[in-house]
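Have a look at the structure below before the remarks.
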Amino acid sequence: MNSTSGATRHLDGFEATVKDFWASRPRRPAQGRKVAGVAAGVGLRYGIDPIVIRVALVALTFFGGVGPAVYLLGWLFLPAADDEVSAFEGLLGHGASGTSKGLTLLLCAACFPAFGLAFGGTWLDGGGIVGLALVVTALYLMHRGRGHLNRPASRTAGATAPQSGTRVDTATADWDALGANPLGWHLADASTPVPAPPPEEPERPAREHSSRRRCVSRVTLVTLALAVITAGVTATLLGPVWGVSEVAAATLAVLAGGLLVGAFTGGARGLIWFALPTALVAALTSALPPGGYPGGLGEIRDTPQHAHQLDTYELTAGSIDVDLTELPDTGSPISVEARVGTGDITFTVPRDADVTYDCKARTGTATCLDKSQSGMTGVNVTNSGDNNSGAGDTGTDEGGQRFHLRLDAGIGNVEVRRDG
């Protein structure tokens, strides 16, 4: 049977499905690729619009961080359309691959930071594992349901026919000019009329193509109109409750619906250029509070010497560095707040001070005395009890000042450290 046949192949069990997937895995086409052709190859192999695969990879990049790692694995283990084996197999000497060994080694090296991004704790806990599990499950289900479609021809199967220009020995007794058993020849009788060939299928009228193009543009225009309406309505009616991230997420949901419809109708590819920046805005602004961060741009460095000099430190973007070591002890707790949208917050407290804190780095690292939290978790690092590491007591000595710090950084780092 021809390897490109569309006949359904029965697969029994998980092992048979995995083996058949590897034997007929997608090939990266030379045409229609954006980078290496991984998404285009998977889409063409299983009869799915490649734009759906690209959107899924982008989503896995923002939510889970496993998208770059999956793409690199596809680049390494999916052969190109005209290659015998994949780039990684070519590196091991198992066949010819058009990818150079230098590029293959570079791709292998890039896998380490890519998987570190997904599993190194910089994303939601378990997000990389969940994302990778979703990819494996999706490939398995696609191959079970659509593995019979567009099966690629094997590039490693050797041909039995002699190459052009090769001499054939016709003197041997087993030479057969027809390459078949003579007893099995079925020659037509000359008196038997030869049936006429079937009529050729008429070409599709040009108007059908134009109708399809109109359908594609209609899906795109309707989706864009709905996305604009959704953004306007949510921003107007839900503005006091929702932030920019919620409005962007609602708009992205409409665009994703249009892309899904376009995947089955063969159109709406242009929506990807609207969905990508919208997804980027939703991901970046998800770390911001609804009211945002006022205060403008710049840098704040302060060493207050009296309690009345303390203020709420706020910046939209920049850095805040406050030294509290020169404040006299007032006998009562001193509360200080600081917020920055993009940048770092650093507070220095006396060595023998009792400090309670509520630190949050929505995207970054919060290191407050003996506690730390990193990633895109948005989890507060708090300590509501005594934290006196200088005198070793419970904060009842006369020299121990009491501070309560509330620090919030949208994209950046928060640090509370002791003097000396």
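The values are calculated or read from the model by the stated rules, or taken from the named source; none is laboratory data. Source: prediction; values computed, not measured. Cβ: placed from backbone, ideal geometry, glycine included. Neighbour counts: every protein chain shown. Side chains are part of the model used for accessible areas, which takes the heavy atoms of the whole protein and leaves out ligands, DNA and RNA. Shrake-Rupley method; radii C 1.70, N 1.55, O 1.52, S 1.80 Å.
Assorted remarks:
- Inter-label distance, PHE112 to LEU149: 4.0 nm, where each label sits 7 Å from its Cα along the C-beta direction.
- Accessible area of LEU297 in the full protein assembly, 1.4 Å probe (Å², nearest 10): 140 Å²
- Of all DSSP bridge pairs formed entirely within segment 299-382, close to 35 percent run antiparallel.
- Protein-only accessible surface order, largest first, of LYS34, LYS371, LYS360 at 1.4 Å: LYS34, LYS371, LYS360
- HIS94 - accessible surface, heavy atoms, 1.4 Å probe, Å² rounded to 10: 130 Å²
- Taking a straight line from the alpha carbon of LYS360, these lysines sit under 28 Å away, with near neighbours fewer than eight places off in the same chain left out: LYS371.
- For segment 28-83, the pair-distance distribution built from all alpha carbon pairs, in bins 10 Å wide starting at 0, is 27, 56, 17, 1 percent.
- Taking 7 Å steps out from each Cα toward its Cβ at GLN305 and ALA16 produces label points 8.6 nm apart.
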